[in-house]
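Laboratory data are not the source of any read-out in this text; all were calculated from the coordinates shown. This one's a predicted model, so the numbers in the text were calculated from it and none came from an experiment. All Cβ positions, even for glycine, are placed from backbone atoms using ideal geometry, and neighbour counts span all protein chains on display.
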Amino acid sequence: MSTSSSVEPQPQLPLADYRRYGRQMILDGFGLEGQIELQKASVVVVGAGGLGCPALQYLAAAGVGTLGIIDHDHVEISNLQRQVLHTESRVGMPKVLSAAEAIKQMNSRVRVNPVTTALNSTNALELLAPYDLILDCTDNLPTRYLLSDTAVKLGKPLVSGAAQQFEGQLCTYNLPLKNSSQDQLQERGPCFRCLFPKPPAPEMAGSCEELGILGAVTGVIGNLQALEAIKILTGLHDGKPSLLMFSALSAPPFRSVKLRPRRASCPACGVEGEKIGKIEETDYVAFCGGERPDWVSRGLVVEDPQKRIHAKELKNALENPQRMVKILDVRPRTEFGICHLPGSTNIPIKELLTNPRQFAEGLQREEETDVYVVCRLGNDSQLAVDALREVSKTVVLKDLVGGLRAWSKEVDSNFPIY
Amino acid sequence: MPTITVLYFAAASTATGLTTEELPLPAPSESDNASCLPLSALADLLAARHPGTKLREVLAQSQWAVDEEMVDDPAQVDDPAQVVLRGGEEVAVICPVSGG
């Protein structure tokens, strides 16, 4: 008598998987069927960063059969505080290959499809079509709109996560609804465009580099994305579209709001004949207000040499002062607290711009003093100089080209770059 | 006096420096003998309470949720005054977060 006949149902998973996934297979509502669904499933994770890493980690550990990973970035040292699949030894490697390597070590049977091309409107349909479900783990609005529109076209659920500073959001767009009626609008939940028809201005949507992010916060949201995906794939999801907001420092930290049904007028998922606007041939970057500014390059541009000083010249001015010298540091107080030039004074740019006259008066009393304004990259310091020049008679009033980052690179390599 | 609770998240919280705020509804008018505020008038009221901040810009790009349910954009529905706050509601400002 063969061993296979002593067990019913006939094993549908490799024997080792029963032991490996047993802890989740014994869950009511999950069972053998849940594991088989995960094994058959394919999920594509767009973005292998702060959200993508924890999401991929739990999807791979749970035994999702196929994982696509799309990202065109390389691992940097500043990623490691939150992008937990990457390692020190893989700095410089494409993120998708680093993540694929980590997954292979964790669960060698997961099939991983790494894609190092950037997702765009010409390749999105083709790249995402092979998968059952899409995870939005990206860090920018144009790609978020592109993913939403593509998910609608492909009729696939889009599990979207976002995180910034101490806060995060989780929402599944285009969610298949349970007990849906005949009404076509009822079959799927709203898309990202239904919720946010107008993108916020680029200056209102900062990046993690500019605004900061705590790794455990992206971890919370990325984990929730994996959980949401597993619930949808195994039939455990209640099929009710909602937006979950997480705020690490608030009590309670989690709040959830029910979403409205799809908008009949939505240009992406609305009803034919009632749609307002078109999304065909959308330039997503232009739609979201243009390219995100490259603050490093902008901080290095010198248009008027009378207004700016290079790091080495500033060093000379400080070492051989002809006159009194004052350094004004316009970064936020927290950043000033991380590191600053000895003797520099901190006036955050927000405060300075609110009332430049008040600060200029302080400078006027020191007419013999040369004033040099510094910041992190050399952008806010230019705004400060412009504002102060309008109201101040200080003869020498310049800002540091490239900011304190340039100071570190050109003058003092012991000055921290952050 | 009837009040509502406003919840701020993400950019709205950064702009105001608050996560939540109690807001008294404007006094009753002649035409209406109870305090009430159309949701469409809330943005102006909140922006006026936080002068010198970016709250007005943030609100222009945000959606409202009242008592844990999203509300259709007041600018996009036929009757902009259709959602009326009468006190006791919890109103959340929902703005998109893009980082990751």
If R0 = 22 Å, then A:S42 and A:T87, at their Cβ-Cβ distance, give a FRET efficiency to the nearest 0.05 of 0.25
Longest chain A segment clear of GluC sites (Glu not before Pro) sitting in DSSP loops (not H, G, I, E or B) with at most 16 other Cβ atoms within 10 Å runs A:77-186
Comparing A:P261, A:P348, A:P199 in a Gaussian network model of chain A (Cα, 10 Å), the one with the largest mean-square fluctuation is A:P348
Scaled by the rule-of-thumb 2.2 N^0.38 Å, the alpha carbon Rg for the protein assembly as shown gives a ratio of 1.13
If each part is reduced to its alpha-carbon centroid, segment A:223-265 and segment A:13-48 end up apart, in Å, by 22
Note on segment A:231-362: contact order normalised by length, alpha-carbon pairs under 8 Å, 6 or more apart, percent, works out to 10
Exposed-loop cut sites defined as GluC sites (Glu not before Pro) in DSSP loop states with at most 16 other Cβ within 10 angstrom; longest site-free run of chain B spans B:31-67
Honestly segment A:194-265 on the Cα gyration tensor test (a ≥ b ≥ c root eigenvalues; a/c under 1.5 rounded, otherwise a/b vs b/c for prolate or oblate) is just oblate
Percent relative contact order for segment A:296-410, counting Cα pairs under 8 Å at least six residues apart, stands at 35
Residues whose built amide H sits under 5 Å from the amide H of A:D399, excluding neighbours closer than 5 in sequence, are A:R308, A:I309, A:V373
The answer for the longest stretch of chain A without any exposed trypsin sites (Lys or Arg not before Pro) (DSSP loop, at most 14 further Cβ atoms within 10 Å) is A:1-108
Computed over chain A, the relative contact order (Cα-Cα under 8 Å, seq sep at least six) in percent reads 12
In whole percent, the Cα-Cα distances of segment A:245-335 spread across 10 Å bins from 0 upward as 11, 17, 20, 17, 17, 12, 5, 1
Partner aspartates and glutamates whose C-alpha sits under 15 Å from that of A:K409, ignoring same-chain residues fewer than 8 away, are A:E313
Honestly segment A:1-103 on the Cα gyration tensor test (a ≥ b ≥ c root eigenvalues; a/c under 1.5 rounded, otherwise a/b vs b/c for prolate or oblate) is just prolate
By the Cα gyration tensor axes a ≥ b ≥ c (a/c under 1.5 gives rounded; else a/b larger than b/c gives prolate, otherwise oblate), the shape of segment A:296-410 is rounded
With +1 on the Cβ of every Lys and Arg and -1 on the Cβ of every Asp and Glu, the dipole magnitude of the protein assembly as shown about its Cα centre, in debye rounded to the nearest 20, is 1140
For A:Q10 and A:M324, extending 7 Å from Cα along the Cα-Cβ vector and measuring point to point gives, in nm, a value of 9.2
The long-range amide H neighbours of B:E69, using H built 1.01 Å from N in the peptide plane and a cut-off of under 5 Å, are A:K258
Pairs over 25 Å Cα to Cα, from A:K198/A:K258; A:K95/B:K54; A:K307/B:K54; A:K350/A:K398; A:K240/B:K54; A:K95/A:K240, come to A:K95/B:K54; A:K307/B:K54; A:K240/B:K54; A:K95/A:K240
One finds the C-alpha centres of segment A:149-164 and segment A:348-418 to be spaced, in Å, by 43
